[in-house]
Amino acid sequence: MDEEVIPILRVEDAAAAVAWYERLGSAKQWEHRFEPGLPAFVEVARGEVRLFLSEHKGDARPDTLVYLRIRDVEAIASEFDVQAKDAPWAREIELRDPDGNRLRIGTPTE
């Protein structure tokens, strides 16, 4: 097993959040509920980039900032109709998901 860090983001509606993250090229891996009707806890992944999305109050709070390093920021910028900008370390965009979580997404400059 490889060791890793998986950020947890708070969402109000996991199904809506998964649909939004699919626009980033992520796919839902699994969903857990302790019982039907209780809050969902979901994993989405894009290759090795993984996020947990939680409807559970107290797991995380909105306005969290997560940095995603990906191969092609321009494709995501095009999907969300935003302009990528150059930073000394990467070409980047910043998005907010429907729950107010901030995602800074970049492709490293070589």
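General observations
- The value of relative contact order for the chain, using C-alpha pairs under 8 Å at least six residues apart, is 26 percent.
- Taking the Kirkwood radius as Rh and the Cα radius of gyration as Rg, the range 51-110 has a ratio of Rg/Rh equal to 1.03.
- Dipole check for the chain: with +1 at the C-beta of Lys and Arg, -1 at the C-beta of Asp and Glu, and the Cα centre as origin, the magnitude is about 180 Debye.
- Label-point separation, Thr109 to Asp2 (7 Å along Cα→Cβ), nm: 2.7
- DSSP beta bridges confined to the chain are antiparallel in about 70 percent of cases.
- Within the listed set Phe52, Phe34, Phe80, the residue fluctuating most in the Gaussian network model of the chain (springs between alpha-carbon atoms under 10 angstrom) is Phe34.
- Helical contribution to [θ] at 222 nm, DSSP H n ≥ 4, -39,500 (n - 2.57), averaged over the chain, rounded to 500: -4000 deg cm²/dmol
- Karplus-derived 3J(HN,Hα), 6.51/-1.76/1.60, for each residue of the range 13-28, Hz, glycine and proline x: 10, 4, 4, 5, 5, 4, 4, 5, 5, 5, 5, 7, x, 8, 10, 5
- Integer Hz, Karplus 6.51/-1.76/1.60 couplings in order for the range 85-92, x for Gly and Pro: 10, 8, 10, x, 9, 6, 9, 9
- For the residues Asp63, Asp81, Asp13, a GNM of the chain with alpha-carbon springs under 10 Å puts the largest fluctuation on Asp81.
- Averaging Cα coordinates gives a centre for the range 91-110 and one for the range 62-90; these two points are 4 Å apart.
- Most mobile listed residue (Gly100, Gly58, Gly37) in the chain, GNM with C-alpha springs under 10 Å: Gly37
- Intensity falloff of the range 8-108 expressed as log10 I(q)/I(0), Debye formula with alpha-carbon point scatterers, at q = 0.13, 0.16, 0.21, 0.22 Å⁻¹: -0.45, -0.66, -1.07, -1.15
- Comparing Leu9, Thr64, Val49 along the charge dipole axis of the chain, the residue lying farthest to the positive side is Thr64, per the Cβ-charge model.
No value in this document is a laboratory result; all are computed from the given coordinates. Here the structure is a predicted model, which means the values were calculated and not measured. All Cβ positions, glycine included, derive from the backbone under ideal geometry; neighbour counts span all protein chains shown.
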